[in-house]
Amino acid sequence: MSNEFNVLPSEAAERRLLACFASARWARQVAAGRPYADLLALLDSAERAWADLAPSDWDEALRGHPRIGELGGSSPAASESEQQGVRGANPDVLEQLAEGNRLYEARFGHVFLIAAAGKGPDEVLAALRRRMDNNPGTEGQVAAAEHRKIARMRLERMMSG
């Protein structure tokens, strides 16, 4: 793990963390735990911070995440690379993803989240359709787990760069 993160001013460290998971409370808590001996210590701190989040913190993080398949403009660079497999989908699949996103958001009140790195567009669309059958409580747990996977991958990439 690069020591650079450990010596950044608090505000700069929080900005980097927000690019991984868009909860200000989470970013503050993880940044406050520095210095970290290694990546594992950072990831352990991130896990503890997720356990402390209130529903409003999760909502904040969800609002900071783009819809799958609808990239460009203000989407974070990390999302662009993670969704590379979806980017090349045929227009029909992209339209189905857009419609699925709308239905998902209407049903669950937040964007559809999936750790899309390495997944193709058909696989993402199939997961979206399967998860539409979940009840809100179950889907909230699934979405939170996916969000943590995404943030964890981003943390690992940030620390290795």
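All of the numbers you see were taken from the coordinates with simple rules; none came from a lab. Given the structure is predicted, the values throughout are model-derived calculations rather than measurements. Don't worry about glycine lacking a Cβ; one is built from the backbone with ideal geometry, like all the others, and counts go over all protein chains shown.
Using only DSSP helix segments of four residues or longer, with each worth -39500 (n - 2.57), what per-residue ellipticity at 222 nm results for the chain after dividing by its residue count and rounding to 500? List each step's numbers first, then the result.
Details: 10 runs with 108 residues, N = 161.
Helix contribution divided over all residues of the chain: -20000 deg cm²/dmol.
How big is the Kirkwood radius of the range 84-161, worked out from every pair of different alpha carbons and given in Å to one decimal?
Working: mean 1/r = 0.0752 Å⁻¹.
The answer is 13.3 Å.
Alpha carbon centre of the range 1-63 versus the range 110-129: separation in Å?
Result: 25 Å between the Cα centres.
How large is the dipole of the chain about the Cα centre if only Lys and Arg carry +1 and Asp and Glu carry -1, each at its Cβ, rounded to the nearest 20 debye?
Numbers: 20 positive and 23 negative charges, 32 e Å.
Computed charge dipole of the chain: roughly 160 debye.
For Glu11 and Thr138, what does the FRET efficiency come to when R0 = 45 Å and r is the distance between their Cβ atoms, rounded to the nearest 0.05? Write down the numbers at each step before the final one.
Details: r = 37 Å, r/R0 = 0.83.
So the FRET efficiency works out to roughly 0.75.
What translational diffusion coefficient, to the nearest whole µm²/s, does the chain have by Stokes-Einstein, given a Kirkwood radius computed over alpha-carbon pairs, a temperature of 25 °C and 0.890 mPa s viscosity?
On the way: Rh = 16.4 Å.
So the translational diffusion coefficient is about 150 µm²/s.
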